[in-house]
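Novice: Here it is, the structure, as C-alpha cells.
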Amino acid sequence: MQPDGKPGVRINPSILAADFVNMQAELARIDGADFVHVDVMDNHFVPNLTFGPQMVERVQATSPVPLDVHLMITNPDRWAPGYAELGAASVTFHLEAAKEPVALARRLRAIGARAGVAVKPATPVDGLFDLLDDFDQILVMTVEPGFGGQSFMPETMPKLRRLAAEARTRGSSVWLQVDGGIGESTIAQAAEAGADTFVAGSAVFGADDPDAAITRLRDLAAHRH
C-alpha cells in the first residue's frame, strides 16, 4: 500500500485496541490498512496514559504500513517534531493544546511528515477555514479523546459537513479524518458527512480477520463518500 493510501477512502486501525504484548503480530494482521493509528496520551491533556517516543519508535520499526500518530498531549509545539523525526508519516496534534498551530504544522512538514490538526467534539472548526491548506489532515474527534471503545457522537457531524463543504469550495486537498466509535454501523454516516480517513479500533482488531474487516469498512465508506 502506498503511504497516500487508496484515493478517496483510508482506513487507519488504532493500536489502542490491539494486544500490546503481541504488538508485532498484531501489526502483521493489518497489512491491508492504509496507516496504523498510534494514540499518544500524556495523562495531562487527556485523563489517560499510553506510551511515548520509545514505543512509537518500535511500532515504526515493525509496522507494515505507515504511522499516523495522534498526539493527545500538552505542549505539542515542543514534542510533536520528535515524532516526525522518528519517521512517522503523519503527525496530528490538538488545536486546543498548540500555541502556534500553523508554525508547528510547517515544522512537521519540513521534517517530512504530513501535518494534522485535531479538534475535540466541542471545539468549533470555523477558525480553520482560512487555514485548510496549512494542514494535510484535520481530525474531527467523534468521541471525547482519552479512551477507546466509546460510542460515536453523531452531533459532531454538522461541523464535519461544514469542513467538507469549505474544503470543496476552496479546492483544498486536506484529508478529513474521524476517530471514535467508528465501525460498520457508523462509518457510512461519517463518510456521508465528508470524512475520507477513518480510525477504527475494536472494529478491526476485535475481528477474527482484521484485513477482511478493513476491506468491509473501506467498502462501506466508499459507497457513501
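Novice: Per residue, how big is the convex hull around the C-alpha atoms of the range 84-151? Give it to me in cubic angstrom, could you?
Specialist: 98
Novice: Rounded to two decimal places and with Rh computed the Kirkwood way over Cα pairs, what is Rg over Rh for the range 1-102?
Specialist: Using Cα coordinates only, the ratio equals 0.96.
Novice: Next up: Provide, for q = 0.17, 0.23, 0.24 Å⁻¹, the log10 of I(q)/I(0) from a solvent-free Debye sum over equal Cα point scatterers in the range 52-98.
Specialist: The Debye formula, applied to the Cα set alone, gives -0.44, -0.76, -0.81.
Novice: Another question, if that's okay. When only DSSP loop residues count, what trypsin sites (Lys or Arg not before Pro) in the range 93-139 have their Cβ near at most 10 other Cβ atoms within 10 Å?
Specialist: Hits after loop and neighbour filter: Lys99.
Novice: Calculate the dipole size of the chain relative to its Cα centre from +1 charges on Lys and Arg beta carbons and -1 charges on Asp and Glu beta carbons; express the result in debye to the nearest 20.
Specialist: 420
Novice: Run through all the Cα pairs of the range 48-166 and give the fraction in each 5 Å bin from 0, expressed as whole percent.
Specialist: The calculated distribution, bin by bin, is 2, 11, 22, 22, 20, 14, 7, 1.
Novice: Report the GluC sites (Glu not before Pro) located in the range 120-201 that are in a DSSP loop and have at most 14 other Cβ atoms inside 10 Å of their Cβ, or state none.
Specialist: Loop-located and lightly packed - Glu184.
Novice: Extent of the range 38-77 along each principal axis, from alpha carbon coordinates, in Å, largest to smallest?
Specialist: 30, 17, 12
Novice: Right, another one. Would you mind computing, in nm to one decimal, how far apart the modelled labels at Val21 and Ala110 are, each placed 7 Å from Cα along Cα→Cβ?
Specialist: 4.5
Novice: In addition: List the residues whose amide H sits under 5 Å from the amide H of Thr142, counting only those 5 or more places along or on another chain, with H placed 1.01 Å from N in the peptide plane.
Specialist: Asp179, Gly180
Novice: Per residue of the chain, what 222 nm ellipticity follows from adding -39500 (n - 2.57) for every DSSP H run with n ≥ 4, rounded to the nearest 500?
Specialist: Rounded to the nearest 500, the figure is -9500 deg cm²/dmol.
Novice: So, one more: Across the chain, what fraction of all alpha-carbon pairs, as a whole percent, falls in each successive 10 Å bin from zero upward?
Specialist: 9, 38, 40, 13, 0
Novice: Residue farthest toward the positive end of the dipole of the range 10-222, with Cβ of Lys/Arg at +1 and Asp/Glu at -1: which of Leu128, Phe147, Ala118?
Specialist: Leu128
Novice: Next question. How much of the DSSP bridge set in the range 10-222 is antiparallel, in percent, rounded to the nearest 5?
Specialist: Once the DSSP bridges in the range 10-222 are tallied, antiparallel ones form about 5 percent.
Taken together, the values in this text are just the output of simple stated rules run on the coordinates, not laboratory data. Here the structure is a predicted model, which means the values were calculated and not measured. We place every Cβ from the backbone using ideal geometry, glycine too, and count neighbours over all the protein chains shown.
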